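Peer 1: Below is a structure I'd like to ask you about.
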Amino acid sequence: IEEWEQYKDSVRSTLISAEKKLKKRQSSQAAAEADGVIANLIADAKGSPPTIIHSMEGSASLLQELMNGIKKRQFNGVSVIAVIDQDKVHLGIVVSEDFLGIHRAGELIAKLAPIVGGKGGGKPEMARGAGNEVSKVSEMLSEAEKLIQT
């Protein structure tokens, strides 16, 4: 029994190590993918305030990397990004400091996440949410544009 317990602990340790390596690799991949997308999103931003409204397939870690990249590149505007991961929609909103008097990410996510059957929250400059109604992403993005451009 003691040998079995040691073997089980060894397998568990190996599994945990492999999971950590996988998550690190996925995060690195997400960061690389985000870098390739962010420049185009910023260049294509339109409206007043400059607005990024975008959806794509990917993972929750991709969404976080996109949000981090938008902040890192100091995009001066409002961004709403939906990342679809199979049957789940991950939402992220980033509002630059210049537009916090008009828009707050936490308030926007509270209005937009329910459209895709979810909820979310966050701070005035950055918020996240998720939902499971993938078919309503277009409707949610249209509403985002209306909320931001008014």
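Peer 1: HN-Hα J couplings of the range 107-122 from phi, Karplus 6.51/-1.76/1.60, θ = phi - 60°, integer Hz, Gly and Pro as x?
Peer 2: 6, 5, 5, 5, 8, 8, 4, x, 4, 9, x, x, 8, x, x, x
Peer 1: For the chain, set up a GNM with springs between Cα atoms under 10 Å and report which of SER48, SER17, SER59 has the largest fluctuation.
Peer 2: Comparing SER48, SER17, SER59 in a Gaussian network model of the chain, the most mobile one is SER17.
Peer 1: For the chain, give the percent of accessible area contributed by carbon and sulfur heavy atoms, probe 1.4 Å, rounded to a whole number. Please list the in-between numbers first.
Peer 2: On the way: 4460 of 9040 Å².
Answer for the chain is 49 percent, counting heavy atoms of protein chains only.
Peer 1: Looking at ALA130, GLY120, GLN6, which one has the Cα that reaches farthest to the positive end of the dipole of the chain (charges on Cβ: Lys, Arg +1; Asp, Glu -1)?
Peer 2: Positive-end residue among those listed: GLY120.
Peer 1: Looking at the chain, send over the antiparallel percent of its DSSP beta bridges, to the nearest 5.
Peer 2: On the way: 19 of 26 bridges.
Bridges in the chain are about 75 percent antiparallel.
Peer 1: Just going by the charge dipole of the range 1-63, with Lys and Arg at +1 and Asp and Glu at -1 on Cβ, which of GLN29, SER59, ALA39 is farthest out on the positive end?
Peer 2: Projecting each Cα onto the dipole axis, the largest value belongs to ALA39.
Peer 1: I would also like to ask the following. Please give the charge dipole size of the range 37-114, origin at the Cα centre, charges +1 on K and R Cβ atoms and -1 on D and E Cβ atoms. Round to the nearest 20 debye.
Peer 2: Details: 7 positive and 8 negative charges, 34 e Å.
With only Lys, Arg, Asp and Glu charged at Cβ, the dipole is about 160 debye.
Peer 1: May I ask for the net charge around LYS88, where only other residues with Cβ less than 12 Å from the Cβ of LYS88 are counted and Lys, Arg are +1 while Asp, Glu are -1? If you can, show how the numbers build up before the last one.
Peer 2: On the way: positive: none; negative: GLU57, ASP85, ASP87, GLU133.
The answer is -4.
Peer 1: Based on DSSP H runs of at least 4 residues, each adding -39500 (n - 2.57), what is the mean residue ellipticity at 222 nm of the chain after dividing by all its residues, to the nearest 500 deg cm²/dmol? Write down the numbers at each step before the final one.
Peer 2: Numbers: 4 runs with 75 residues, N = 150.
Only helices count here, giving -17000 deg cm²/dmol.
Peer 1: Next up: Multiply the residue gap between LYS23 and TRP4 by 0.36 nm, knock off their C-alpha separation, and tell me the result in nm, one decimal place. Walk me through the numbers before you get to the answer.
Peer 2: Details: separation 19, 0.36 × 19 = 6.84 nm, distance 2.85 nm.
Length gained, LYS23 through TRP4: 4.0 nm.
Peer 1: In nm, to one decimal, how far is the LYS119 label point from the ARG12 one, both placed 7 Å along Cα→Cβ?
Peer 2: Going by the 7 Å Cα→Cβ label model, 3.3 nm.
Peer 1: Would you work out if the chain is rounded, prolate or oblate? Take a ≥ b ≥ c from the square roots of the eigenvalues of the alpha-carbon gyration tensor; rounded if a/c is under 1.5, else prolate when a/b is larger than b/c, oblate otherwise.
Peer 2: The shape class here is prolate.
Peer 1: Okay, moving on. Dipole magnitude of the range 82-138 about its Cα centre, charges +1 at Lys/Arg Cβ and -1 at Asp/Glu Cβ only, in debye to the nearest 20? Intermediate results must be reported in sequence, preceding the final value.
Peer 2: Values: 7 positive and 7 negative charges, 37 e Å.
In total the dipole reaches around 180 debye.
Peer 1: Treating only the Cβ of Lys, Arg, Asp and Glu as charged (+1, +1, -1, -1), what charge dipole size does the chain show about its Cα centre? Round to the nearest 20 debye.
Peer 2: On the way: 19 positive and 20 negative charges, 57 e Å.
It works out to roughly 280 debye.
Peer 1: Identify which of SER13, SER79, SER96 has the largest mean-square fluctuation in a Gaussian network model of the chain, with springs joining Cα atoms closer than 10 Å.
Peer 2: Result: SER13 has the largest fluctuation of those listed.
Peer 1: While we're on this one: So which residue, out of GLY129, GLY47, GLY58, gets the largest mean-square fluctuation from a GNM of the chain using Cα contacts under 10 Å as springs?
Peer 2: Sorting by GNM fluctuation, first place goes to GLY47.
The values are calculated or read from the model by the stated rules, or taken from the named source; none is laboratory data. This is a predicted model, so every value here is computed, not measured. Every residue, glycine among them, receives a Cβ derived from its backbone with ideal geometry; neighbour counts consider all protein chains shown. Areas reflect the complete protein model, heavy atoms only, side chains present, ligands, DNA and RNA absent. Shrake-Rupley method; radii C 1.70, N 1.55, O 1.52, S 1.80 Å.
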